[in-house]
1. Take ARG97 and THR146, extend 7 Å from each Cα along the Cα→Cβ direction, and tell me the distance between the two endpoints in nm.
2. What is the extension gain from THR268 to ASN59, computed as 0.36 nm multiplied by their sequence separation minus the C-alpha to C-alpha distance, in nm to one decimal?
3. Using a 10 Å cut-off on Cβ atoms, rank the peptides 109-120, 229-240 from the highest mean neighbour count down.
4. Based on Cα coordinates alone, diagonalise the gyration tensor for the stretch 83-141, multiply each eigenvalue by 5, take square roots, and list the semi-axes in whole Å, largest first.
5. Counting Lys +1, Arg +1, Asp -1, Glu -1, what net charge surrounds MET36 among other residues with beta carbon under 13 Å of its beta carbon?
6. Here are some pairs, LYS4/LYS137; LYS101/LYS223; LYS137/LYS223; LYS134/LYS223; LYS18/LYS137; LYS13/LYS151; which of them have Cα atoms lying more than 29 Å apart in this structure?
7. What shape does the stretch 34-134 have by the C-alpha gyration tensor, where a ≥ b ≥ c are the square roots of the eigenvalues, rounded means a/c under 1.5, and otherwise prolate means a/b greater than b/c and oblate the rest?
8. Ranked from highest to lowest mean number of other Cβ atoms within 10 Å per residue, what is the order of the peptides 154-161, 83-90?
Amino acid sequence: NCSKIRGMFLSDKRLHSKIIVPEVHSQFCTDKVIVMDYIQGIPLHDNQKMLEAGVDCRNIASIFVDAFGAMFFDYGFIHCDPHPGNLLVSTEYENGRPVDKLVILDHGLYIQLDDSFRRHNCGIWKAMVIQDNKSLKENAAAIGLTGTTWKLLPFILINRSTETQSQLGKSSYMSIEERNQLVDKLGISEMNISKAGNLVGSFPPEMVWIMRTMHLVKDLHEKLGGKKSERFHTYAHHANAGMKSSNWRVVNAFSQLHFIVSLWLMETKMYLYFELYAPLMKREMLSRRRSRFSMSDLFREDMEQKMVK
C-alpha cells in the first residue's frame, strides 16, 4: 500500500511536490519487519508547535484535503485511517526557502475502488454540487442505491438537497417543507441517529468507507482552519477531473471548463438569492420557517458502528 500510493503521488504533477510518503526499502524487509524512511515532522494535531515553527496551518489544511480528494476521486485508492497521528507536516528547503509538506504515514488500512465505482462516485459528487437530479439518480443506481435513497446523498455528504437555496459549503437552512419531506423519505417521525442510521446498512461497503474517511478528513481539516466550502469545492473539482472520458486534451479541457462555468453560475445564483432576495423577507418569518440541520452528523455514529461490525 505504501509503495503504491507513493508512486501515485510521485506521478501526480500537482501534488508530487507537496506530499511525502516514506519509501519502503524492500531489500531489508522480512515477513515480520518493514523498513522504510524515517521522516521527522510535527503531528497535525499539534497546532501550537506548528505555529511556533511558522507553519501555515491553512495551507497544510488545503494540501491535506487536496491529497484525499485525489485519493477519493482520481486514484480510487484510499487511505482510510487519516487520524492526526498518521499525518505530519515536514519543512524542507528548496532554493533556500522553507516549504511545508504533508507526510502521510501508516498505510495498513486502504480500500481499492474498481474503476466503475470510482467513476460513478465522481458522477454522484458532480451531480450533487450542480444539483442535477437525473445524473445523481443514475450514478447512485449504478452503485446499488435503489429506491429514493439517492435523494438523501446530498443531505449526508454536502448538507443540502438538490433544491436547497444555499451556496456550496455555506451555512444552510432547511425549510419546514424540506424537513418534512426528508422525514417522509426516511420513514421516521423524528430526526435521530437510532432510526435514520438504519439506512447506512443499504449502502455499498465502499461508500460507507468513503463516508467514514471523509468525516475524519472533515474533522482534521476544520481543526487546521480549513473551511467547509473549500473542502467541498476541492472534492467537486477532483470528481469532475476523475470523470475524464477521452484521451483528447481538448475534450477534457472543454469538459473541465463547462463544469467550472456551471458551478460558478450555480454559486452566483445562490449568492444573489441570499444577498438580494432573502434580506427582503421578514426576519421573523425566515426564522420560523427555517432551521439549521446537518444530515451528515446524523449518520456518523452509525457508520462507525458498521465499521466495527
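1. Taking the two extended label points, one gets 5.7 nm.
2. Numbers: separation 209, 0.36 × 209 = 75.24 nm, distance 2.57 nm.
Using 0.36 nm per residue and subtracting the Cα-Cα distance, I get 72.7 nm.
3. Working: 109-120: 15.8, 229-240: 21.6.
So the order, starting with the most tightly packed, is 229-240, 109-120.
4. Values: eigenvalues 268, 59, 20 Å².
In descending order the semi-axes read 37, 17, 10 Å.
5. Details: positive: ARG6; negative: GLU23, ASP37, ASP106.
Within the 13 Å Cβ shell, the charges total -2.
6. Working: LYS4/LYS137 33 Å; LYS101/LYS223 18 Å; LYS137/LYS223 33 Å; LYS134/LYS223 36 Å; LYS18/LYS137 36 Å; LYS13/LYS151 36 Å.
Listed pairs above 29 Å: LYS4/LYS137; LYS137/LYS223; LYS134/LYS223; LYS18/LYS137; LYS13/LYS151.
7. Details: a/c = 2.57, a/b = 1.73, b/c = 1.48.
It comes out prolate by the Cα gyration axes.
8. Values: 154-161: 23.8, 83-90: 17.6.
Ranked by mean Cβ neighbours within 10 Å, highest first: 154-161, 83-90.
No lab work stands behind these numbers, since they all come straight from the coordinates. Note that the coordinates shown come from a computational prediction; the quantities given were computed from them, not determined experimentally. Glycine also receives a Cβ, built like all others from the backbone with ideal geometry; neighbour counts cover every protein chain displayed.
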